[in-house]
Structure formats: C-alpha cells, structure tokens
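Inspection log for the structure reproduced underneath, given as structure tokens.
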Amino acid sequence: MPYRFAGRVVRDGVSQLLLAKDNDVLPVQEGDTLEGGYRVESIGAEDITLLYVPLGVRQRLSASGGALGSRVAQLRWQGPERVKAGEPFTVALRVTSEEPLRASPLEVSFDVELLEPVSVRAGKLFVEGFAYRTGDGTIVAGPSGRARDAGHVAADAELVVFVFKPLRAAAAAELKITSLVLQGAAGKPIAAEQPGAYRAAITP
C-alpha cells in the first residue's frame, strides 16, 4: 500500500481528507482514481477503503487521530502587511509542533501578475536537506533532514523563507498553502492546522 492517511483540512467550510504518497499530499474524495491502480471506494469516520482495481482487492487505512501526532501542529505566516512595488520582501512560514519534525514537503500558490519569486530557502529549523522548484504560480519546497536541535520540538521555528518581488500596486497579494504534510520519525505524518492565506498590500 503506497498511500497513508495524512490528515484532514477544512477549506471553505468543507472538511477534506488528505492521503500522502512519498512526498506528495493529495486531497481525495469518494470515487477518486489514484495513481498505481487504486480508487477511493469509501471514506468513513474511522477508516478509508481503497480498491486496488487490477485485482479487485480492498484495503483499509485508519483515519483516526491516533495514527498521527498526539497534538496538532500550528503554522503561521510572518511577513509585512504592506510592501512597495519593485522592492523585494521576505515572508516566512513558521511552525510549532510537540513532535520532532523530519520533513515537511509543501506547495504554495501565488498570483504571477502581482508577485515574482526571487528566492526560496530552508528556515532555521533544519540544517540540511532542502530542494524546491517553481512553476506557473506555484512553489514546491521540501525542507527535510536533521533538525538543528535533533530530537527537540519546534517552538515557532522558521520552516521556509520566501523572497518575492511585488510587480505592481494592488489591494492585496496572497500566498496560500495548497498542500502540506509534516513528517515525524520514520515518515509518520503529524496533524497540522494550516494558516489562512498570507496577504500584503502593495503600494506604488
């Protein structure tokens, strides 16, 4: 079974279940077809049933909170409320977790007409292991490896740092997390409460 339960998120007032495969996190619903020949057959309060279509075999994944960390990790944005067009600014994603983190693959989205990515780097939480790529309005980053204080929890620690250049004046430019999974020891997912979109007004 290549998939594992990664948590639930609430978007626009609707609860959505997340599955993880390797470093990817997928929002799913009943009837969805997944890579590898799997289909989401049913989603219950306690488990998810996946059908391996080629063999007609059903497999269940636990969707209980016990499969995750004992406490929900908290994330928040740190950045200016107002920025000036043409002048790069920095915004950081910070995390507080009662369980030590090993990796945190994530994807964020932004408006390419308002923001131009300048650089992306790992925050001070990890001392090794970082890769990222940019797409059309998205950034996929994968901070991972040994934490700066191995075995210690993250207390409002800097996870990822982004530098953007504002392109033109606007009432609000947004940076949103579109997928995220926090991983603890042996890749075990840690439940996380995602922050809302980061917003900054762009002045001329």
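Take the residues in the range 77-92 that are charged (D, E, K, R) and assigned to a loop (DSSP other than H, G, I, E, B); name whichever of them is farthest from ARG168 (Cα to Cα).
Quick first cut of the range 77-92, residues charged (D, E, K, R) only: 81-82, 84, 87.
Those still in the list that are assigned to a loop (DSSP other than H, G, I, E, B) too: 81, 87.
Values: GLU81: 15, GLU87: 10 Å.
So, considering only residues that are charged (D, E, K, R) and assigned to a loop (DSSP other than H, G, I, E, B), the one farthest from ARG168 (Cα to Cα) is GLU81.
Identify, please: which residue in the range 173-190 is within 12 Å of the chain's Cα centre (by Cα) and either aromatic (Phe, Trp, Tyr) or surrounded by fewer than 21 Cβ atoms within 10 Å (Cβ to Cβ) (or both) and is, among those, farthest from ARG4 (Cα to Cα)?
Once the filter is applied, the top-ranked residue is LYS176.
Restricting to the range 2-44, and then to whatever is of a type in the set (Gly, Ala, Ser) and modelled with pLDDT under 75, can you tell me which residue is nearest to ALA73 (Cα to Cα)?
So in the range 2-44, the residues of a type in the set (Gly, Ala, Ser) come out as 6-7, 13, 15, 20, 31, 36-37, 42, 44.
When the remaining residues are screened for being modelled with pLDDT under 75, the result is 13, 15.
Values: GLY13: 20, SER15: 18 Å.
Selected residue: SER15.
May I ask you to list the residues in the range 48-76 that are assigned to a strand (DSSP E or B) and at pLDDT below 80? Talk me through it step by step, then tell me what you get.
Step one: of the range 48-76, the residues assigned to a strand (DSSP E or B) are 48-52, 57-62, 73-76.
Residue satisfying the conditions is SER62 alone.
Which of the residues spanning the range 93-106 are surrounded by 19 or more Cβ atoms within 10 Å (Cβ to Cβ) and either touching a His at 6+ places or on another chain (Cβ under 6 Å) or not in a loop (DSSP other than H, G, I, E, B) (or both)?
If the condition is that a residue be surrounded by 19 or more Cβ atoms within 10 Å (Cβ to Cβ) and either touching a His at 6+ places or on another chain (Cβ under 6 Å) or not in a loop (DSSP other than H, G, I, E, B) (or both), then LEU93, ARG94, VAL95, SER97, LEU106 are the ones that fit.
What are the residue pairs meeting all of these: first residue in the range 155-176, first residue within 23 Å of ALA131 (Cα to Cα) and touching a residue at least 60 places away in the same chain (Cβ under 8 Å), second residue part of a loop (DSSP other than H, G, I, E, B) and aliphatic (A, V, I, L, M), Cβ atoms under 7 Å, and 6 or more apart or on different chains?
So the pair list comes out as ALA157/LEU125; GLU158/LEU125; LEU159/LEU125; GLU174/ALA197; LEU175/ALA197; LYS176/ALA197.
Within the range 107-150, how many residues turn out to be open to solvent by 20 Å² or more (accessible area, probe 1.4 Å), at pLDDT 95 or above and aliphatic (A, V, I, L, M)?
Of the residues in that region, 2 qualify.
The values are calculated or read from the model by the stated rules, or taken from the named source; none is laboratory data. Please read these numbers as outputs of a predicted model, since none were measured by experiment. Positions of Cβ are generated from backbone atoms using ideal geometry, with glycine treated the same way; all protein chains shown enter the neighbour counts. Heads up: the accessible areas ignore ligands, DNA and RNA and are worked out on the full protein's heavy atoms, side chains in. Shrake-Rupley method; radii C 1.70, N 1.55, O 1.52, S 1.80 Å.
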